[in-house]
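Here's the structure, in structure tokens; my notes come after.
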Amino acid sequence: MWETIVIQPFLNVLLLINSLIGNFGISIILFTVLIRLLTHPLTMQQFKATKSMQTLQEDPRYKKMQEKYKDDKDRLAQEQMKLYKELGINPLGSCLPTLIQLPLILGLYQSVTRAMAASPLELFRLERIIYPGLINSAELLPLQNQFLWMDLGQPERLTLFGISIPFLAILVVATTFLQSKLIQPPSSGAQNDQGAMISKSMSIYMPILMGFMAYSLASGLAIYFLTSNVFGIFQYALLGRANWSNIFPFIKKKEDGEQPEKAKPQIV
């Protein structure tokens, strides 16, 4: 079932792109962009969830419970969940698209490893799941697995001055962290802010998870991670949804400094 629904379509789309481009590394990049475009509705849902969390933190009820139950974490969590339910907010909404990508990541990894068939038996199995009439396997296979300095079927390492460096894995960690920080809603400043704690945890654990997979699995998967992250960062920036104050604190300070000036006429 998994092979029919996920691996076979992924593999055939990859091979179709590669038959047109003639470079499997670039094919993975184009496939990644295609996946990001297809999952754009999920990204918009993520934006809405982040905006809802920002609005929530300005709610007087939310601020009141933060102060009232600051010494009772269990009760605070219960009250927060009640308010989330009342307002129709999912505290994991901003993380959901990232979690949904995990099956896509697994499917892509298996598709890349199968496409890089290195033995006659693997080539035979690969030909069996290619859609007839869509791809000419006799002309396309076996694939060229070399892209820049990488063997796309093996973990990536860049050798400089005799030292083997996981260059892509480092870039994946950095861009995953940057992307998660850009969509992280600003904290209310309360110590027991549940939404902020979830977002902070995700911004730490997801880069580690993605970096570990980029380090230990096929470099074709690392290219997928890196392309997806860079595309996501540009997507957030172009849509005006990137929270740059999480990366550059001075932006936040400037905005905070301007706030009293705007509020002053209202007070008078």
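What the table shows:
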| item | result |
| --- | --- |
| Above-threshold pairs, the threshold being 18 Å between Cα atoms, out of Lys48/Lys70; Lys48/Lys181; Lys48/Lys85 | Lys48/Lys70 |
| Karplus-derived 3J(HN,Hα), 6.51/-1.76/1.60, for each residue of the stretch 131-148, Hz, glycine and proline x | 5, x, x, 8, 9, 8, 5, 5, 7, 8, 9, x, 6, 7, 8, 9, 9, 6 |
| For Met150, residues with placed amide H under 5 Å, excluding near neighbours | none |
| Inter-label distance for Leu238 and Ser19, nm, one decimal - labels placed 7 Å from Cα along Cα-to-Cβ | 2.9 nm |
| Note, ³J(HN,Hα) from phi for the stretch 165-174, Karplus 6.51, -1.76, 1.60, rounded to Hz, x at Gly and Pro | 10, x, 4, 5, 4, 5, 5, 5, 4, 5 |
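No value in this document is a laboratory result; all are computed from the given coordinates. Since the model is a prediction, treat every value here as computed from it, not as a measurement. Note: ideal-geometry Cβ built from the backbone for every residue, glycine included; neighbour counts use all protein chains shown.
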